[in-house]
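Chemist: What follows is a structure written as structure tokens; I'll ask about it next.
Read-outs: derived from the displayed coordinates by stated rules, not from any lab. In this text the structure is predicted, and so the values were computed from the model without any measurement. Every residue, glycine as well, gets a Cβ built from its backbone with ideal geometry; the counts of neighbours run over all protein chains shown.
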Amino acid sequence: MAMKKVIIAGNPAKEAVHRAVEQIEPWLAERVEVRVDLELEGPVEEAAADFALVLGGDGTVLRAARQCAPHGVPLLGVNVGKFGFLTETNADECKDALTDVLAGRFTRPSPPDVPEPHDIRIYYNRGDGLGRWAKQVVRKDGGIYFGHLADMDADGDLDIVGPRTYWRGPIEIWLNRTRTSK
């Protein structure tokens with residue numbers, strides 16, 4: 001799927017973010033419709049953007065993920081912060097990653113030592129005092145690489161955050177929709 005609309009988000013308090021916007025936005029605007037909305041104050045639903053380009057560190061990526069996840073808008077994190085564990089690239093190299101994302105190429109061939117993707121699953125204790133566990137299959141068409149757990153929608157349970165691909169691709173959020181009854 002070719003991307004057509006992109007939101008650029010980031011931490012407006014960081015000078016490095018503004019420098020990255022100046023570097024990336026003109027190049028990106030030659031290829032797709034771009035909206036710079038550093039604080040994500042405008043709409044983020046799928047009709048407004050095919051993905052969000054998030055400039056910052058892990059905190060900025062997590063903040064953007066919390067805002068984009070309910071609308072199914074994937075992220076591509078660009079590290080301009082101190083820690084970039086959740087980012088996919090840095091500002092100097094992001095045009096290569098963006099070229100792949102815009103063309104719909106989210107994956108690289110997996111090295112031989114990487115196992116085949118599997119279902120993404122969440123297991124949860126039913127809370128009935130009997131030690132029974134239930135499984136929620138979040139996605140059946142592939143796994144996740146370099147996944148992290150975080151409470152993205154502030155509902156008290158852990159959600160899954162990470163790219164579905166081995167090397168490059170937008171950060172995706174799988175919200176935990178399990179509910180326990182007592």
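Chemist: If one puts a single equal scatterer on every Cα of segment 1-97 and applies the Debye formula without solvent, what log₁₀ I(q)/I(0) results at q = 0.11, 0.12, 0.19, 0.20 Å⁻¹?
Modeler: Each listed q corresponds, in turn, to -0.26, -0.31, -0.81, -0.91.
Chemist: Enumerate the lysines that K135 could reach by cross-link, defined here as Cα to Cα under 23 Å, with residues fewer than 8 away along the same chain left out.
Modeler: K182
Chemist: Give the Cα extents of segment 15-66 along the principal axes, in whole Å, largest first.
Modeler: Sorted largest first, the three principal extents are 29, 28, 15 Å.
Chemist: Students often check this: by mean Cβ neighbours within 10 Å, which of 10-20, 53-63 ranks highest, and how do the rest follow? Intermediate results must be reported in sequence, preceding the final value.
Modeler: Values: 10-20: 17.4, 53-63: 24.4.
Ranking, from highest mean packing down: 53-63, 10-20.
Chemist: Quick one: Karplus J couplings for segment 8-14, per residue in order, coefficients 6.51, -1.76, 1.60, θ = phi - 60°, nearest Hz, x for Gly and Pro?
Modeler: So the J values, rounded to whole Hz, are 9, 10, x, 8, x, 7, 9.
Chemist: If you don't mind, there's one more thing I want to ask. List every residue whose amide H lies under 5 Å from the amide H of D151, counting only residues 5 or more places away in sequence or on a different chain, with H placed 1.01 Å from N in the peptide plane.
Modeler: Close amide H contacts, sequence-distant or interchain: D159.
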